[in-house]
Every structure is written in structure tokens, then in C-alpha cells.
Amino acid sequence: MPRRLIAALALLLLVASCGVTRGDEGEGLHRLRMMVPNSPGGGYDLTARTAVKIMEDEDVTGRVEVFNVIGAGGTVAMARLMNEAGNEDLMMMMGLGVVGAVYTNGSAARVSDATPLAKMIEEQEGILVPADSPFRTVGDLVAAWTANPGSVTVGGGSSPGGPDHLFPMEVAQTVGIDPTTVNYISYDGGGDLLTALLGNKIAAGTSGLGEYVDQIESGQVRVLAVSGSERVPGIDAPTLREAGIDLEFTNWRGILAPPGLSDEVRAEMVEALTTLHGTDAWKEALVSNGWTDAFETGPEFETFLQEQDARVESTLTELGLV
């Protein structure tokens with residue numbers, strides 16, 4: 001074989017080998033996909049895409065595909081995750097909303113039956129109204145709500161059993177309103193809820209605040225109160241307790257994988273999320289989105305999921321909603 005041809009072939013092989021990256025075809029995290037159990041623009045979507053971008057930018061993984069599976073507040077996505085048993089290339093962003101949705105939709109799937117990877121964040125809920133709302137304080141809203149519960153339409157970005165649903169139900173119960181009389185409209189994610197809120201299709205919305213940073217800053221949306229123990233930096237709104245409502249409520253989000261994974265694959269996924277958690281970019285994302293760091297893996301997260309299953313079932317039963 002001529003020397004020139006040999007040299008050319010050698011150069012071609014060298015170039016080809018340099019072109020192989022972590023995002024090309026491979027095993028495990030080289031072909032990772034992240035499922036989001038509601039529509040684009042919602043809290044799960046924002047958290048998932050933020051996490052994925054950082055993992056890609058920091059070379060924690062190769063290129064990760066994010067895709068949305070819409071339906072029944074996350075029940076459809078949860079069923080898909082459980083049917084993907086043994087799939088080593090799939091993760092799903094989830095949280096309290098998915099825990100509740102599987103109960104209210106009569107699904108046999110339980111988040112505690114999947115492979116737990118990591119609890120990532122906690123987030124306060126907010127009571128939101130459009131800029132031109134007649135309700136200037138949460139007291140104004142409660143007064144109208146108490147006088148005629150059915151006349152005040154409340155919307156949330158999660159189905160019955162999710163945080164945006166459980167939160168107003170617990171607020172109603174705390175102020176003396178029968179939760180079964182609450183006029184609640186479910187939207188599939190924060191994007192759809194925002195459209196309804198700005199279109200004055202609902203009187204108030206309940207949701208995590210990270211999804212509405214731009215609208216709050218621009219004045220399109222006002223926050224009447226937040227649900228946690230302390231005020232949210234940058235949000236001019238009292239806590240419920242400051243407003244005279246004796247309630248605290250916190251949402252959370254975490255990541256699952258399908259059941260049936262080996263300990264080795266699970267450890268690899270947990271290691272990637274642990275690396276993500278340690279980056280400066282993730283710490284900055286926590287601050288910019290108003291999220292609280294709640295990172296937890298291993299047996300602690302597994303036990304937490306079991307407790308959440310029991311908590312949600314008990315709460316829904318107590319409220320007469322299942």
C-alpha cells in the first residue's frame with residue numbers, strides 16, 4: 001500500500017477517534033433522556049431543563065434529551081416510567097404533584113416503587129393574582145372566599161392531589177371553608193396557569209414562584225402571600241402566618257429512574273446528580289429561581305418517598321377528596 005494512502009488512512013482514523021464524544025452513541029448516561037410529567041413552562045419543566053443544561057455545560061453527561069409527557073397531572077408519565085423497567089437511559093423529574101396525581105386518578109403506580117435517585121429542591125407556593133385584581137391583600141381574597149366559596153375561582157398548575165391543589169385546599173380548611181366547596185380549576189403546568197391568570201379566567205392562582213419571576217418583576221402578576229416560614233427574597237409579600245393564616249406549606253421536586261436498575265447504574269446516576277448539586281451554576285440557579293436546596297439521595301430519599309405516599313393519601317382522605 002502506498003505510503004501516502006497509509007498516511008491518509010491513519011489521519012482519517014485519528015480524526016474519527018477524536019470526534020467521539022460523551023454525547024455520541026454509548027451506554028448509560030451517554031444517551032440519557034429526561035422526562036417531564038407536564039407541559040413546557042411548568043415547574044417540573046423549568047427544573048429539569050435547568051438541571052440538564054448545567055449537566056451538559058459542566059460535562060457531567062453527554063447531550064441530554066428533555067421531553068414532555070402530558071396527561072393526568074403526571075400519572076401518564078409515571079405509568080410510562082414504570083413500564084420502562086430496566087431502561088438505563090431514562091430519568092424523570094417529579095415531585096409532590098405526581099405523588100398526589102396517581103392517587104386521585106386511581107393509578108396503581110406509586111413513586112416509591114420506582115428507582116429513587118435524588119430529592120433536589122423545595123419551593124414555597126404563592127397565592128397569585130393578575131395586576132388588575134380587586135384583591136389587594138390575601139385578607140381581601142379570604143373575605144370574598146369565605147362569603148361565597150364557589151364564586152372565587154382558584155386555578156393551579158397541577159391536578160387534584162398536586163401541590164397547587166393541596167395548598168388552596170389546606171388554606172380553605174384553615175380559614176374555615178369546606179374544601180369540597182372550593183371552585184378549583186386544574187391546568188397542566190405553570191404555562192397554562194399563567195395564560196388563565198393573565199386572561200382573568202380565574203380569580204387567583206396557586207403555584208411555585210420560580211415559574212413567574214419575570215411576570216412578578218414586570219408587575220403583570222402580584223403575589224398576595226407565600227406559604228413558607230419566611231418571606232421569599234425579592235418578593236414583596238407576607239407569609240401566610242404574617243397575614244393571620246396559621247399554615248405552612250412547602251412543595252418539593254426530585255428525580256426518579258425506572259424500576260429494575262442495577263446498583264451500578266443507579267450509583268452512576270446518583271453520582272451525576274451529586275456532581276450537578278455541587279456546581280456553582282446549580283447554586284446560582286437555586287437563588288435565581290427562589291428554590292431551597294433539599295438535596296437527598298440513597299435510603300433517606302427512598303424513605304422520604306414512602307412517607308410522601310402515606311402523607312398524601314392521608315391528607316386527601318381527610319379532605320374528603322378521594
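No lab work stands behind these numbers, since they all come straight from the coordinates. As the structure is a prediction and not an experimental result, all values here were calculated from the model. A quick note on method: Cβ atoms are made from the backbone with ideal geometry, for glycine too, and the neighbour counts reach across all protein chains shown.
Overall, the chain carries a charge dipole of about 820 debye about its Cα centre when +1 sits on the Cβ of Lys and Arg and -1 on the Cβ of Asp and Glu, all other atoms neutral. Compared with the rule-of-thumb size 2.2 N^0.38 Å for a compact globular protein, segment 191-322 has a Cα radius of gyration ratio of 1.29.
Restriction of the trypsin sites (Lys or Arg not before Pro) in segment 87-157 to DSSP coil positions whose beta-carbon has at most 13 other beta-carbons within 10 angstrom yields 136.
Note on residue 274 and residue 140: their simple-model spin labels are 5.1 nm apart, each label 7 Å out from Cα toward Cβ.
Helices of the chain meeting both criteria, an alpha-carbon length of 24 angstrom or more along the long axis and an average Kyte-Doolittle score not below -1.0, with helices taken as full DSSP H segments, are 298-318.
What is the antiparallel percent of DSSP beta bridges lying wholly in the chain, to the nearest 5? Within the chain, antiparallel bridges account for around 60 percent of the total. Annotation: extensible slack from residue 131 through residue 314 equals 62.2 nm (criterion: 0.36 nm per residue apart, minus Cα-Cα distance).
How much length is gained if the chain between residue 229 and residue 173 is pulled fully straight, taking 0.36 nm per residue apart and subtracting their Cα-Cα distance, in nm to one decimal?
Using 0.36 nm per residue and subtracting the Cα-Cα distance, I get 18.3 nm.
Mean separation of Cα pairs under 8 Å and 6+ residues apart, divided by the residue count of segment 167-322: what relative contact order is that in percent? List each step's numbers first, then the result.
Numbers: 92 pairs, mean separation 31.4, N = 156.
Taking the mean separation of contacting Cα pairs over the length of segment 167-322, I get 20 percent.
Computed from the C-beta positions of residue 180 and residue 63, the FRET efficiency with R₀ = 41 Å rounds to 0.30.
Grab the beta carbon distance between residue 283 and residue 148, set R0 = 35 Å, and tell me the FRET efficiency rounded to 0.05. Don't skip to the answer; put the middle values down first.
Values: r = 46 Å, r/R0 = 1.30.
Plugging the Cβ-Cβ distance into 1/(1 + (r/R0)^6) gives 0.15.
What relative contact order, as a whole-number percentage, does the chain give when Cα pairs under 8 Å and 6 or more residues apart are counted? Write down the numbers at each step before the final one.
On the way: 626 pairs, mean separation 80.4, N = 322.
Reported as a whole number, the value is 25 percent.
Applying 1/(1 + (r/R0)^6) with r as the Cβ-Cβ distance of residue 263 and residue 201 and R0 = 45 angstrom yields a FRET efficiency of 0.40.
Write down, largest first, the equivalent ellipsoid semi-axes of the chain in whole Å, where each equals the square root of 5 times an eigenvalue of the alpha-carbon gyration tensor.
Details: eigenvalues 352, 93, 53 Å².
Working from the Cα gyration tensor, I get semi-axes of 42, 22, 16 Å.
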